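Accompanying notes for the structure given below.
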Amino acid sequence: MKQQEILIPSAEIVTPETLAAEPRNTAQKSWVSHATTVLGALGVASLLKPASAQDNTPMPPAPTGNQATPENSAVPTTNGNPNNPAKQIPKAGERATPSDIDILNFALGLEYLEADFYARIVAAHQARAYLMPKALMAAQKLAADEAAHVTAILDILTRANATPVAKPNFTFPPGVFLAQSVFLLTASDLEETGVGAYLGAAPKVDSKDALRFAASVYGIECRHASLVRSLIGLPFSPTETEVPLTVEEVQKRVAPFMGMAM
């Protein structure tokens, strides 16, 4: 059966939560290059290869506009929170080591992916309602959180006088913008990958301030994964302890979304 065409409304009528939008325009070192650097630093052979073909499934365009920093973001904005970006981002940026920069840029590629995914999901729902209320609320909240994570990492890299990785072009599974079940399963894959990636990279972070920031984001990614699992009908946690992922394992998991053949 021919897939239904999705018509996307203009950015003006997209809700604020969907403004995971376009990150800063960079023509800088690619995410693949940073992945290779991190893999090399960890002594792992790179398996990165260019894509021979990409999925041509129609995707809703990401909303346009300024980077979102919503008040209800997972990155706290209250002065009472010790992980307030106003306090932690300057320290993380000033004290980040060169290896921290590569790890942060690798994390930025994953945050770009998640932010772009959820922004498109919400935009697709506006064009053709297909999410139940709880799933829609989750998509909106996750879009806001991931956009805030992108902004925070960009700020850290800027303060460290480092060049942010260029945003990759993404491709998503057929049906993800048409069926709630496909959306939730894809979201679960992304969130579990994020949880494992942050945990796996933690021992390699040199600056305790950069590590503290990453740990605060890791905690939110865990909450995201649990939320999505509950919407699918799965137990809140898959295991009694979280499982770290190597950079190589993360690369394999996200390769289909980034048009890379493994």
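I need the calculated FRET efficiency for the pair residue 234 and residue 169, taking r as the beta carbon distance and R₀ as 25 Å, to the nearest 0.05. The formula returns an efficiency of 0.20 here. Relative to the globular-protein estimate of 2.2 N^0.38 Å, the Cα radius of gyration of the range 159-262 stands at 1.18. Within the range 103-152, the trypsin sites (Lys or Arg not before Pro) that combine a DSSP coil assignment with at most 15 other C-beta atoms in a 10 angstrom radius are 128. Gyration tensor analysis over the Cα atoms of the range 180-220 returns equivalent ellipsoid semi-axes of 26, 9, 5 Å (largest first, whole Å). Segment residue 202..residue 249, full-extension length gain: 15.4 nm, with 0.36 nm per residue of separation and the alpha-carbon distance subtracted. Residues 132, 137, 258 in ascending order of nearby Cβ atoms (within 10 Å, fewest first): 132, 137, 258. 3J(HN,Hα) along the range 106-119, derived from phi through the Karplus expression 6.51 cos²θ - 1.76 cosθ + 1.60 where θ = phi - 60°, amounts to 5, 5, 4, x, 5, 5, 4, 4, 5, 4, 5, 4, 5, 4 Hz, with x in place of Gly and Pro.
Model label points for residue 182 and residue 128, set 7 angstrom from Cα along the Cα-to-Cβ axis, are 0.9 nm apart. Rounded, prolate or oblate: which one fits the range 112-202, using the alpha carbon gyration tensor with axes a ≥ b ≥ c (rounded when a/c is under 1.5, else prolate when a/b beats b/c, else oblate)? Since a/c reaches 1.5 and a/b is larger than b/c, the shape of the range 112-202 is classed as prolate. For the range 157-260, the list of GluC sites (Glu not before Pro) that fall in a loop by DSSP and count at most 15 other C-beta atoms within 10 angstrom reads 240.
More than 11 Å apart: what percent of Cα pairs in the range 221-262 qualify? Percentage above 11 Å: 71. Of the chymotrypsin sites (Phe, Trp or Tyr not before Pro) found in the range 114-223, none is in coil by DSSP with at most 10 other Cβ atoms within 10 Å of its Cβ.
Coupling constants for the range 146-159 follow from the phi torsions by the Karplus curve (6.51 cos²θ - 1.76 cosθ + 1.60, θ = phi - 60°), and in residue order they are 5, 4, 5, 5, 4, 4, 5, 5, 4, 5, 4, 4, 4, 5 Hz; glycine and proline get x.
Phi-derived couplings, Karplus 6.51 cos²θ - 1.76 cosθ + 1.60 at θ = phi - 60°, listed residue by residue for the range 198-205: 5, 5, x, 7, 3, x, 8, 7 Hz, with x used for Gly and Pro.
Laboratory data are not the source of any read-out in this text; all were calculated from the coordinates shown. Only a predicted model underlies this, so the values are computations on that prediction, with no experimental measurement involved. Neighbour counts run over all protein chains shown; Cβ positions are idealised from the backbone, glycine included.
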